[in-house]
Amino acid sequence: MEILVNLDVMMAKRKISGGELAERVGITPANLSILKTGKAKAIRFSTLMALCHELQCQPGDILEFKE
Amino acid sequence: MGLNWNKDKSVVLSQVCIAVFALCLLALDIGAYRLASWFVQLRLHDWRLGALLMVSIYSGSVLAWLCLYRLWKLLGNVRRGELFVPENVRCMRVVSWCCALAAGICALSALYYPPFLFVAVAAGFMALIVRIVKNAFEQAIAMKDELDLTV
């Protein structure tokens with residue numbers, strides 16, 4: 001049972017690089033990498049909101065629940 | 001305050017205290033034989049009690065040196081701003097075990113010199129306090145890890 005982060009899929013769909021997305025969202029590339037690799041233990045609503053805004057998607061497009 | 005006291009100076013003061021304790025311990029190690037001789041004179045010239053006192057002093061001294069070394073290391077980490085790191089927990093665990101073992105040695109020593117029982121109780125209580133602080137640090141490290149991995 002886990003939460004998968006499909007951020008790289010959405011980034012590929014929107015053709016945006018990690019560095020650019022990190023800058024637009026206002027987080028460090030290191031933190032974006034933590035998020036992409038699934039090492040993150042939590043995500044702030046403000047970060048999720050900024051990611052959804054920049055990638056023009058819904059939270060469910062980024063996060064996925066897996067049994 | 002006129003002395004312009006700050007957190008860093010407080011750590012330095014703690015390190016100075018450790019150095020003073022280390023000097024006292026060194027003096028005890030050097031003067032243990034003399035202390036034992038005096039103790040033998042006091043206790044009706046029973047040389048076995050002197051030997052037992054020497055064993056108690058030197059076994060306790062090993063633990064005290066280890067304890068002081070770990071405290072010195074812990075303060076060094078605190079001075080560098082590395083507070084919630086696993087190494088500090090290890091230091092506190094060692095200090096706690098040293099106090100517990102010292103309490104055990106003192107409890108055994110109380111068999112030939114009852115006042116050692118007070119030292120045993122004090123050392124045991126100290127072991128308990130350090131252990132509880134160590135448990136709190138472990139929890140704080142887990143919380144810090146979670147916070148560090150919150151994006």
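Observations
- Residue in the range A:44-53 that is more than 10 Å from chain B (Cβ to nearest Cβ), of a type in the set (A, V, I, L, M, F, W, C), open to solvent by less than 90 Å² (accessible area, probe 1.4 Å) and free of Cβ contacts under 8 Å to residues at least 24 places away in the same chain present: yes
- Selected residue (criterion: farthest from B:V78 (Cα to Cα)) from residues of the range B:88-147 that are of a type in the set (F, W, Y) and within 14 Å of the chain's Cα centre (by Cα): B:F125
- Taken across the range B:121-130, residues that are farther than 30 Å from A:I34 by Cα, aliphatic (A, V, I, L, M), open to solvent by 70 Å² or more (accessible area, probe 1.4 Å) and not in a helix (DSSP H, G or I) do not occur at all.
- The set of residues in the range B:126-146 being more than 14 Å from chain A (Cβ to nearest Cβ) and hydrophobic (A, V, I, L, M, F, W, C) consists of B:M126, B:A127, B:L128, B:I129, B:V130, B:I132, B:V133, B:A136, B:F137, B:A140.
- A:A30 being small (G, A, S) and over 18 Å from B:E146 (Cβ atoms): no
- Which numbered condition B:S109 fails, given (1) within 14 Å of another protein chain (Cβ to nearest Cβ); (2) among the polar types (S, T, N, Q); (3) in contact (Cβ under 8 Å) with a residue 24 or more places away in the chain: (1)
- Pairs linking a residue in the range B:79-106 that is at pLDDT below 95 to a residue that is open to solvent by 50 Å² or more (accessible area, probe 1.4 Å) and basic (K, R), with Cβ atoms under 6 Å and 6 or more positions apart or on different chains, are B:F84/B:K144.
- Any hit, the range B:77-86, residues being assigned to a helix (DSSP H, G or I) and among the charged types (D, E, K, R): yes
- Residue in the range B:65-79 that is of a type outside the set (S, T, Y), under 22 Å from B:A120 (Cα atoms) and open to solvent by 80 Å² or more (accessible area, probe 1.4 Å) present: yes
- Any chance B:G50 is surrounded by 14 or more Cβ atoms within 10 Å (Cβ to Cβ), assigned to a helix (DSSP H, G or I) and modelled with pLDDT under 90: yes
The values are calculated or read from the model by the stated rules, or taken from the named source; none is laboratory data. The structure displayed is predicted, hence computed values, not measured ones. Note: ideal-geometry Cβ built from the backbone for every residue, glycine included; neighbour counts use all protein chains shown. All accessible areas refer to the heavy atoms of the entire protein, side chains included, with ligands and DNA or RNA removed. Shrake-Rupley method; radii C 1.70, N 1.55, O 1.52, S 1.80 Å.
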